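Participant: Input: one structure, supplied below.
The values are calculated or read from the model by the stated rules, or taken from the named source; none is laboratory data. Note that the structure is predicted; figures quoted are calculated from it, not measured. Glycine also receives a Cβ, built like all others from the backbone with ideal geometry; neighbour counts cover every protein chain displayed. Only protein heavy atoms, including side chains, enter the accessible area calculation; ligands, DNA and RNA are left aside. Shrake-Rupley method; radii C 1.70, N 1.55, O 1.52, S 1.80 Å.
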Amino acid sequence: VKPANKVTCVVTTPCESLRQHLSLPTPNFDRMLLAQRQLGAARVNGRSAAPMVARPARRNLRCEARKVALLGAAGGIGQPLALLLKMNKFVTELALYDIANVVGVAADLSHCNTPVKVSAFTGAEELAACLKGADLVVIPAGMPRKPGMTRDDLFNINAGIVQNLVEAAGKNCPQAVLALITNPVNSTVPIAAETLKKLGVYDPKRVIGVTSLDVVRANTFVAEARGLDLKDVDVPVIGGHAGATILPLLSQATPAVTFTDEEKRAMTDKIANAGTVVVEAKAGKGSATLSMAYAAARMAESTLLGLNGEPNIYECAFVQSEVVPDCPFFASKVLLGPQGVQKVMGLGELDAFEKAAFDSMLPQLKAEIQKGLDFVKKASA
């Protein structure tokens, strides 16, 4: 049963739940996890669409009780993500869904001494109950990538999975924000949008493709390359969430860093192909599950902060967008708010290397978007 909307909780800081349970010091840990999303209003004439600025720590933040539904909770991403959500004090109820093995995941999580209520739902017949009353639906369900596979190879399997789950969400919690992790995100987000349109409940502000792992990687790699403190680094990543469509804007990094053209190319390739490196390193035993869970938990918390009315919460995400002409979906920084995506930010100024990479990747991105749109049309024909 979902708690009444009038129920509130008091949170000292947004990451206090993680800090307390991991016994980490408050200031550094909070700053490390939140610095990149603690952003001020965009500079109109600046080089960056949404510059990073320091903000005071949040104190005594009051928020409504929130139910989060996690679809694909027994999988490689789902299990660590479920743990992180169980530790998040913005979550009141965590509903776990999968086609099998989710009861054990819920039983295991229920032993963690945090106040989040955990429940398990197995199979299509229990999906509606899982979704009822959800404020945020996070979807990592689907087939993971294996060695030799591209994200596009996953399309035929994962497209149908996403369509069915999104359709269920549209029928049972049409006001929820949907956070899509299932690859290929460049295609599954358009599938979600078209599916909800057919149900008459599509709201572009409430459909978000999770690309925060690209930002997490970019921040990590740039910090390592230049010897910077991770908590101070923010690298916007635009485009899409597959190979060449992943474009880190190194020229807009905070703090400002300089790279030669050769270094830019190497760093861009490292960020764009980091997922493949993990897949090959795991040698058929999985994909980037832990880092994806971390990045998804960050995106989930930012979304909940926005829903709770916390100002100036920015993340990069793949959403319906008018930033690029003739490209209906695009990843860029977005401002999160009480309805989901409050504002889609512009791209800022791109340098010559980024402009060339942008022009080069755009046809691939458009084709992958169209593939998702065509899937729904064919499925309903």
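Participant: Looking at the range 273-306 only, could you name the residues that are of a type in the set (Gly, Ala, Ser), within 22 Å of residue 225 (Cβ to Cβ) and touching a Ser or Thr at 6+ places or on another chain (Cβ under 8 Å)?
Facilitator: 275, 295
Participant: Also, I was wondering about something else. Any idea which of (1) open to solvent by 70 Å² or more (accessible area, probe 1.4 Å); (2) among the acidic types (Asp, Glu); (3) touching a strand residue (DSSP E or B) at 6+ places or on another chain (Cβ under 7 Å) is the one residue 354 doesn't satisfy?
Facilitator: Result: residue 354 passes all but (1).
Participant: Of these, 214, 232, which one is at pLDDT below 95 and among the acidic types (Asp, Glu)? If you could, list the steps in order and put the result at the bottom.
Facilitator: Details: 214 fails: at pLDDT below 95.
Residue meeting the stated conditions: 232.
Participant: If you don't mind, there's one more thing I want to ask. Which residues, counting only those in the range 301-341, are at positive phi and either polar (S, T, N, Q) or touching a Phe, Trp or Tyr at 6+ places or on another chain (Cβ under 7 Å) (or both)?
Facilitator: 312
Participant: Hey, another quick one. For residue 324, state whether it is in contact (Cβ under 8 Å) with a residue 60 or more places away in the chain, surrounded by 17 or more Cβ atoms within 10 Å (Cβ to Cβ) and among the hydrophobic types (A, V, I, L, M, F, W, C).
Facilitator: Details: in contact (Cβ under 8 Å) with a residue 60 or more places away in the chain: no; surrounded by 17 or more Cβ atoms within 10 Å (Cβ to Cβ): yes; among the hydrophobic types (A, V, I, L, M, F, W, C): yes.
No, not satisfied.
Participant: Okay, next question. Given (1) over 13 Å from the mean Cα position of the chain (by Cα); (2) surrounded by fewer than 24 Cβ atoms within 10 Å (Cβ to Cβ); (3) not in a strand (DSSP E or B), identify the lone condition not met by residue 295.
Facilitator: Of (1) over 13 Å from the mean Cα position of the chain (by Cα); (2) surrounded by fewer than 24 Cβ atoms within 10 Å (Cβ to Cβ); (3) not in a strand (DSSP E or B), only one is false for residue 295: (1).
Participant: Would you tally the residues in the range 172-185 being in contact with a helix residue (DSSP H, G or I) (Cβ under 7 Å, 6 or more places away or on another chain) and not in a loop (DSSP other than H, G, I, E, B)? Let's see the steps before the verdict.
Facilitator: Initial filter on the range 172-185 (in contact with a helix residue (DSSP H, G or I) (Cβ under 7 Å, 6 or more places away or on another chain)): 172-173, 176-184.
Add one more test, that the residue is not in a loop (DSSP other than H, G, I, E, B), and what stays is 172, 177-180.
Residues that pass the stated criteria total 5.
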